[in-house]
Each structure stands twice: as C-alpha cells, then as structure tokens.
Amino acid sequence: MESSSVRTAQRNLARSKKTTETAVDLEDRNILVKDADIWNGKGFTRGCILILEGRIKRIARSITDSGVETIDALGLKALPGLIDVHVHLRDIGLAYKEDFATGTAAAAAGGFTTVLDMPNTVPPTDSASRLIEKRRVAAQKTYVNVGFHAAAVSDSHDIESLADAGAFSLKLYMPKPIAPFDVENDQAIEKMMRTAGRVGTPVTVHAEDLVTGENTSKTDSFEAAAEARPPIFETRAVDRLLRIQKKARCHVHYCHLTLRSSLTKITGSTRSTSEVTPHHLLLSKKILSSLRWRAWMVPPLRSEETRWSLLKSTLTGLCSVIASDHAPHAVIEKDQSVSKSPPGIPGLETTLPLMLTLVNRQQMSLSLLVKLLCDNPARIFGLKSKAKLRRGADGDVVLVDLKKKSMIDSSKFFSKAKYSPFDGFRTQGAVHSTIVGGGVVYREGEIVAGEGSGSVLRSGSC
Ligand code: NCD
Ligand code: ZN
C-alpha cells in the first residue's frame with residue numbers, strides 16, 4: 001500500500017499544476033476522519049466524518065473500508081472550519097508584507113478554512129475588474145477558501161458591478177476612504193447604503209469618526225497616539241452610522257468594535273452585526289509603553305476597564321463575530337517612530353489558541369466560540385454551505401487538541417509578519433490539522449498541501 005507521504009507528494013504536485021480558479025482535483029478531496037469527538041451543535045459525539053469530492057458525505061459512529069486516506073483523530077475535537085471575515089492579505093502590490101500564499105498558510109495554521117480579504121490594497125479592490133484580477137491571482141496561491149470585500153464606492157453602477165463580481169461587502173473605511181468617497185457627507189453614505197441594500201451586499205465599516213483637527217500625526221509616543229484616537233471617535237461613528245443605516249435599510253457589519261456601549265446599540269438595531277478582535281478583548285493600552293509598535297493598531301488598545309467590559313459583554317453573547325483583523329506589516333516599517341509606524345498586527349495564528357485558552361479557563365463556552373468564529377460569520381456573509389458538520393456541507397474541518405499547552409512564538413508564524421503583542425503568552429488548546437474542502441492543508445506544524453489548493457469564493461455562490 002502507498003505510504004501517506006507519497007500520496008501527499010503526489011497531491012502537492014497535482015495541485016501545483018492548477019492554473020485556473022475552478023481547476024480543483026476532486027480526487028484529492030476525499031478523506032475519512034476517524035474517531036474524533038465531533039461538534040454536534042451542543043456538545044461532542046464520538047464518530048467518523050467521510051468527505052468525498054470536497055463535501056461531507058456521511059457522519060457516523062463507525063465508517064470502515066472507505067478506500068480513502070484516513071486521519072486517526074482519536075482524542076481530537078472536530079469543529080467546523082473557522083471563518084475569519086476580516087483579514088488583510090496584502091497581495092497584489094503589497095506582497096512584501098504578506099501574499100495570498102503566506103496569509104492563507106497562516107489561516108490554515110490557525111484553524112481558519114475561509115477568510116475574507118479587505119480591499120485597502122495596492123491597487124485597491126474598488127472595481128469589478130480589480131476584484132476579478134485579485135481572484136485570478138489568489139486562485140494560484142491560496143491554501144484556504146478566500147473571498148473578497150470591496151471598497152465602498154459612490155457610483156451605483158459600480159456598486160452593482162462589484163456585487164455581480166462577487167464582492168462579499170462594501171467596506172467603508174471612515175478614517176481614510178479606500179476609494180474616493182465623501183465620508184463627511186451623510187447623504188453620500190445613505191445613497192451608497194441604499195444601493196448596497198438593494199443589491200443585497202452588506203456594508204462593512206471601520207467606525208472611527210476622526211474629525212479634522214483631531215489628527216494623530218503630531219504625537220511622539222504610541223501611548224499618546226492611542227490617546228489621540230479616543231473611544232468617543234467610535235461612539236460618534238457608530239451613532240452616526242446607525243442613524244443613516246435606519247433610513248437606508250441595509251445590513252451593516254461594524255468591524256473591530258472596542259466598546260460595550262457600541263455592542264449594546266448594535267444588538268438593539270435591526271440589520272446590524274458587530275465584530276470584536278482578540279487583541280481588544282485581551283490587551284489594554286498599558287502594554288503600549290513596553291511593546292510599542294508590536295501593540296499598535298487601529299482602533300487602538302483601550303483602558304483596562306474598557307477592555308474588561310468588552311470581554312464580559314462578548315462572553316455574555318452581546319457580539320456577533322470574532323475576527324482577527326490580521327493586518328501584517330514588515331517589521332522594518334513597524335519599528336519606527338509612531339508617526340511612521342503603520343498600525344496593524346497579524347492575528348490569524350493567535351486567535352484560535354487564545355480563544356481555546358478562554359474555553360479551558362471556563363470563561364468562554366465552546367458553543368459561543370463556534371457561534372462567533374463559524375456560525376455567525378457564515379450567516380452574515382451568506383456562506384450557506386459552510387460552518388456545518390453535516391451531510392452535504394462543505395468538507396471544511398479543523399481538528400483541535402483541546403488540552404495541548406503551548407506558547408505563542410511569532411518567529412514560527414507562516415505569516416510574513418513575525419511579530420505579535422501576544423509573544424510569550426501561554427495557551428491551552430491548539431490546532432492539530434486543518435482540512436479544506438476535503439484536503440488536508442495543515443498538519444502538526446506543517447503545510448502539507450500545494451499552493452492554490454484552496455478555492456476562491458464569490459458572494460452568493462457558496
Ligand atoms: C489595518 C491595516 O493595516 O490594513 N490596520 C489596523 O490597524 N487595523 C487597517 C485598518 O483597519 O485601519
Ligand atoms: Zn479596520
């Protein structure tokens with residue numbers, strides 16, 4: 001019988017020959033996961049998952065003689081593959097920071113089988129042709145399923161063509177629009193939201209209302225830079241957008257919120273969803289004096305009290321989604337004075353171990369983790385065949401060793417951004433293997449699939 005390493009090598013070779021977005025070798029999409037504790041929506045049931053041609057064919061206590069590659073998952077938990085709706089993969093023009101291969105290898109190592117890429121790239125994702133070009137490049141390189149957000153644009157026809165091209169949302173970046181957009185003008189936002197609502201595309205927002213004159217560029221320390229973007233900027237933006245959104249009747253997803261009050265308002269508003277990041281849940285601005293650029297992102301870290309109340313409200317179910325806001329930069333760019341240091345930290349490889357640590361400490365339930373990292377992201381962004389471990393669903397599975405203890409070490413990241421404010425954090429709960437569409441992509445510290453083995457997703461067709 002053929003050894004599994006030979007099979008893996010053959011599979012890698014077959015995958016590396018893939019040239020088009022749709023050229024997926026279905027024979028590589030068969031696997032039997034044996035004797036895992038399988039997430040059933042409430043708890044775990046011991047059993048086997050048979051994935052054929054990329055889809056879950058059968059889940060049963062015992063499946064034998066399937067004739068396909070088998071993973072012995074005894075002692076491991078099988079969860080639906082995680083979905084990160086907020087990542088910056090940086091390709092095409094900023095590939096020195098990250099590219100589709102390294103960013104999605106990081107995703108697989110972090111247990112994410114689907115990621116949605118943000119449009120603030122070079123060139124920006126602000127037209128259907130640019131979106132299609134990104135899809136073409138990503139198809140050659142991605143290890144996981146990847147979809148694309150587009151920039152919020154003002155022209156209604158452009159919005160329609162971005163929706164037709166499969167954009168998962170229109171991102172309104174309030175501090176500095178990605179494509180020309182009059183963010184000061186409520187009517188312009190309302191018009192864009194109305195069109196988005198009509199074509200059924202959500203609007204995602206970076207809700208920080210920076211007013212001219214409150215700029216941060218003159219500050220000389222990272223703490224001062226954080227102080228210069230205070231919570232009131234978020235409050236002002238959220239209040240304003242909720243008011244506009246009510247008239248426009250469109251779905252708005254509020255990215256990386258930092259305040260309990262924002263979550264409360266959004267929970268009470270129809271067609272609104274909220275997102276928080278692990279760093280705003282677990283870190284506060286007091287670490288900025290020692291970690292400096294390593295902990296510099298926007299929105300910035302808040303006070304310990306604000307962080308604690310964000311964590312408490314998230315743990316009691318006040319939030320829709322956890323996303324990493326994986327925002328990699330080159331260390332050489334980051335390690336500069338605050339006025340030159342770009343905000344953003346990598347998060348794909350730290351999110352799940354950090355959240356599993358909360359589960360092990362009994363602060364977070366596994367059902368909340370699955371809701372925030374699988375169910376709600378899939379529901380909000382229309383990924384209908386994802387985040388389910390049942391017959392007919394996509395074969396995206398993460399196998400987790402819930403008890404394994406490790407320490408976060410950014411020098412081992414697959415991401416090009418080898419820094420993290422979580423370096424040295426002790427975690428409990430680790431990714432063992434990540435299966436994307438029936439193919440093993442990551443196993444015990446290694447990427448075992450070929451570049452381009454993942455799929456490119458279009459909104460509305462998955
Ligand atoms: C993001 C980036 O680097 O693209 N940075 C960040 O700190 N979150 C952009 C952004 O969301 O501001
Ligand atoms: Zn942002």
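What to note about this one:
- The number of residues in segment 322-346 that are out of contact with any helix residue (DSSP H, G or I) (no Cβ under 6 Å at 6 or more places or on another chain) and either more than 14 Å from ligand 1 (Cβ to nearest atom) or on the phi < 0 side of the Ramachandran plot (or both) comes to 16.
- Of the residues making up segment 260-281, those that are in contact (Cβ under 8 Å) with a residue 12 or more places away in the chain and either small (G, A, S) or within 16 Å of ligand 1 (Cβ to nearest atom) (or both) are S261, S262, S269, S272, S274, E275, V276, T277, P278, H279, H280, L281.
- Filtered residues of segment 169-202 (kept if more than 16 Å from ligand 1 (Cβ to nearest atom), under 29 Å from P343 (Cβ atoms) and outside any helix (DSSP H, G or I)): P180, D182, E184, N185, T201, P202
- Positions within segment 97-151 being of a type in the set (A, V, I, L, M), under 24 Å from D401 (Cα atoms) and part of a loop (DSSP other than H, G, I, E, B), in sequence order: V144
- Considering the conditions (1) over 15 Å from N145 (Cα atoms); (2) aliphatic (A, V, I, L, M); (3) within 16 Å of ligand 2 (Cβ to nearest atom), V85 is excluded by exactly one of them, (1).
- Residue match in segment 286-303 (condition: assigned to a strand (DSSP E or B), within 16 Å of ligand 2 (Cβ to nearest atom) and not basic (K, R)): no
- Residue check, W308 modelled with pLDDT of 95 or more, over 17 Å from K416 (Cβ atoms), surrounded by fewer than 24 Cβ atoms within 10 Å (Cβ to Cβ) and away from ligand 2 (no atom under 16 Å from the Cβ): yes
- With respect to (1) within 16 Å of ligand 2 (Cβ to nearest atom); (2) among the acidic types (D, E); (3) surrounded by fewer than 19 Cβ atoms within 10 Å (Cβ to Cβ), the lone exception for D239 is condition (1).
- Flag for S169 being farther than 30 Å from R292 by Cβ and within 16 Å of ligand 2 (Cβ to nearest atom): yes
- Residue under evaluation L210, criteria (1) within 22 Å of the chain's Cα centre (by Cα); (2) modelled with pLDDT under 95, criterion not met: (1)
- Selection within segment 220-251 - under 22 Å from the mean Cα position of the chain (by Cα) and either within 17 Å of P175 (Cβ to Cβ) or of a type in the set (K, R) (or both): E234, V238
- For segment 72-80, the count of residues that are more than 16 Å from ligand 2 (Cβ to nearest atom), free of Cβ contacts under 8 Å to residues at least 40 places away in the same chain, over 14 Å from the mean Cα position of the chain (by Cα) and over 18 Å from Y442 (Cα atoms) is zero.
- Test: T267 is of a type in the set (V, I, T), away from ligand 2 (no atom under 14 Å from the Cβ) and surrounded by fewer than 16 Cβ atoms within 10 Å (Cβ to Cβ): yes
The values are calculated or read from the model by the stated rules, or taken from the named source; none is laboratory data. Quick caveat, the model's predicted, so the values are computed rather than measured. For neighbour counting, all protein chains shown are included, and Cβ atoms are generated from backbone atoms with ideal geometry for every residue, glycine included.
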